[in-house]
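To start, the structure itself, in structure tokens.
The values are calculated or read from the model by the stated rules, or taken from the named source; none is laboratory data. Remember, predicted model here, so these are calculated numbers, not experimental data. With ideal geometry, Cβ positions are generated from the backbone for all residues, glycine too; neighbour counts draw on all protein chains shown. Calculation scope for accessible area: heavy atoms of the full protein, side chains included, ligands and nucleic acids excluded. Shrake-Rupley method; radii C 1.70, N 1.55, O 1.52, S 1.80 Å.
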Amino acid sequence: MQDKRKKFYVTTPIYYVNDVPHLGHAYTTIAADVIARYKRLNGYEVSFLTGSDEHGQKVQQAAQELKVDPQVHVDRLHTRFNDLWKRLNISNTDFIRTTEERHKKIVREILQDLFNRGEIYKDSYEGWYCMPDERFWTEKDLVNGTCPECGRSVDKIQEHNYFFKMGQYGEWLAEHIRTHPTFIQPESRKNEVLGFLSKPLGDLCISRPKSRLSWGIPLPFNADYVTYVWFDALINYISALGSQDDVRNGGFWPADFHLVGKDILTTHAVYWSTMLKAMNLPLPSTIFAHGWWTVDGKKMSKSLRNVVEPNLLIDLFGVDSIRYFLLREAPFGQDADFSHKALIGRINSDLANNLGNLLNRTVSMIKRYHDGKIPDPGETTDCDSLKNEFASALPEIRKGYDELAYNKILERIWKLVDAGNKWIDVKAPWNLFKTEEGQKELAPVMYHTAESLRAVAVLIYPFMPHTSEQILIQLGVEGGPENQGIDSISNWYGLKPGTELQKGERLFPRIEEKQEQEIQQTLESASKDNAAPKTAENQDELGAPISIEDVMKLDLRVGKILEAENVKKSKKLVKLKVDIGLEIRQVVAGIATSYEPEALVGRSIILVANLKPAKLMGIESQGMVLAGSADGNIVLAGFDQELPTGARVK
Ligand code: MSP
């Protein structure tokens, strides 16, 4: 890291716009947010970029299925990421979309420049193509004749394409990695990349014929082709900074950290590095490949119904608990396993017991002994042991940030929390309060207790910004954590005697066993597929009471009926194609006695979108349409105003 220039640039991968944001996406983005906030605490001007990857085959296919223009499709979808980042308190300074003109313009400029300088050439190509992964493979790459990456079938393709002369940079790149020990981190991943480079590096096919894929950035020198989605996407890291000249002279490039998951390290370490070399731009200081989260030991996947939905976690546990847990639980470079039990365990022990204890004891004793005002520290040197604990932790914490060893940083900060709690135990203010002699020491003891809490609040700011702000508010500190700065830890004496404590939120209440059981049940039934709660079958009888958690399990969506036809040999059933924004569903509904198919097309309805698919008269139904009925007449539920397709109904 180049600490001298006081500018810092961190990036996340840009997420596939088609994907529903999950824990894995949240992980990279929170990790980037922590380092961004830490750098701000150190007085840096920070550029923190995230965004969405919006071109390519999958987007084109999804849009085709929905019968919408791909641009309309991505315009609808990308906000899901932005919305989650707001909820997770992510402090990104920019969000780039690869369909924005500012990005496409730079991609075209770079392509033209590389083409003019002979870095890109046209050639005929024969190989095996994996459609879902949008990647070419040679015969020897295939595993049992299928894609080595995803195991799906591949198609033999022969066509003309454009190639980037990546192969010529293989040896240079290996040398760069060897001579820049912190370029690829962690160490084990660096060795993987070097292993990859020990075989001859081929050239990279960077185009797709428009006849096969049209949803991409047309090549500026041949409009019959679009740009390969990775070549397009990687450029986001500089297109967000402005023109190539700006990148050369503007100050934020090269990036300090590209954070990526281990699965996309090769594209970053090899494709992106060689692209930059060809552009005569310096390489980023570090590409850090983090590990993957599994859930209860299994890979997260839609088919296993174990995808961890960050919004639900935020609702149940609060945002800072999740930010803390994800970075505390395992070293950043290694795989980790998510379980709600482990999360609750950490909330109770680290947050409620340790940090919560320090906060509550400090605040309540200052209220009791000092009328709710920060006392005077006096001239005593008695605090050295406590003060030194904090000062000596700082170099270790700084080193932890250089290595993105988030779990070690948190461990170290929690030793300081323990030190604060121990200081209270040893000094026993409640005893000092009892005697005249003790009273003299009480004020300095309580000042330093409060000061250690202030220092902890500043240190946890990158991980738990809301908690940090709340603690500082309670201590009567104005201006927020960034205003305090990291040096205030070793300078100590940050609190002003006489400042009045302020009321604040109750932070980290313990999750008691009973509550834990309820939470577990909510989560388990949200992911597994429990039987539906008992409902009223008789119109005159109200249904058995259910909890709000049960209600929240329902994923109700605004859908638009695209097609409708009566089911043969059925008087009641009609088969519908319903657009619910994210996908198209086939739904069989028992409304044929009240609605003609023609009258249904184009109508908005409410669909239970997370109902287990079932077969009705041999036809799969992927959801349930909400309707009311009286005297045999069925009326579809709807709205008195138009809502966008896919909007949630609560
Ligand atoms: N669009 C590309 C990145 C282009 S960057 C120029 C992409 N997108 S992605 O949405 O599929 O993945 C984004 C990130 O999420 C990757 O870093 C990936 O490693 C991460 N994760 C996806 N699932 C994950 C887990 N289960 N656990 C941790 N991170 C995971 O790839």
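For the reader, a short list of remarks on this structure follows.
- Test item: Cα-centred dipole of region 338-491, Lys/Arg +1 and Asp/Glu -1 on Cβ, debye: 560
- Two-decimal log10 I(q)/I(0) for the chain, as the Debye equation yields it once each C-alpha is a single scatterer, q = 0.05, 0.06 Å⁻¹: -0.30, -0.43
- Peptides ranked, highest mean first, by Cβ atoms within 10 Å: ranges 94-105, 367-378: 94-105, 367-378
- Proportion of all alpha-carbon pairs of region 1-142 beyond 24 Å (%): 51
- Accessible area of W128 in the full protein assembly, 1.4 Å probe (Å², nearest 10): 50
- Ranked packing of 116-123, 471-478, most packed first, by mean Cβ within 10 Å: 471-478, 116-123
- Under 5 Å, built H, 5+ apart or other chain: amide partners of L616: S621
- Region 449-511 - Rg over Rh from alpha carbon coordinates, Kirkwood radius: 0.95
- The chain, relative contact order in percent, only Cα pairs under 8 angstrom and at least six apart counted: 11
- Per residue value of the accessible surface for region 338-491 (all protein chains in place, 1.4 Å probe), Å²: 40
- When you work out D = kT/(6 pi eta Rh) for region 377-416 at 25 °C and 0.890 mPa s, using the Kirkwood radius from C-alpha pairs as Rh and the Stokes-Einstein form, the result is 221 µm²/s.
- Solvent-free Debye calculation, one equal scatterer per alpha-carbon of region 156-231: log10 I(q)/I(0) at 0.14, 0.16, 0.23, 0.27 Å⁻¹ equals -0.61, -0.72, -0.95, -1.15.
- Taking amide H as placed 1.01 Å from N in the peptide plane, the amide H of A647 sits under 5 Å from that of V558, each at least 5 places away or on another chain.
- Peptides 139-149, 494-504, ordered by how many other C-beta atoms sit within 10 Å of their residues on average, highest first, read 494-504, 139-149.
- Overall, the ratio between the Cα radius of gyration of region 141-281 and 2.2 N^0.38 Å, rounded to two decimals, is 1.15.
- Accessible carbon and sulfur surface of region 190-230 relative to its total accessible area, %, 1.4 Å: 54
- Database remark: amide H of W137 closer than 5 angstrom to the amide H of W128, Y129, C130 (H placed geometrically; neighbours at sequence offset of 5 or more, or on other chains; Pro and chain starts carry no H).
- Cα lying deepest toward the dipole's positive end in the chain, options L600, P509, A457, charges on Cβ: L600
- Pairs exceeding 25 Å between alpha-carbon atoms, taken from K140/K210; K341/K367; K58/K105; K298/K553; K7/K277: K140/K210; K341/K367.
- Of the residues G372, G345, L394, the one whose Cα sits farthest toward the positive end of the charge dipole of region 338-491, with +1 on the Cβ of Lys and Arg and -1 on the Cβ of Asp and Glu, is G345.
- Charge dipole magnitude, Cβ of K and R +1, D and E -1 - the chain, Cα centre, debye nearest 20: 520
- The C-alpha atoms of region 263-320 occupy a region whose extents along the principal axes are 48, 27, 15 Å, arranged from largest to smallest.
- Computed from phi, the 3J(HN,Hα) profile of region 642-650 under the Karplus parametrisation 6.51, -1.76, 1.60 (θ = phi - 60°) reads 5, 10, x, 4, x, 4, 7, 10, 10 Hz, with x in place of Gly and Pro.
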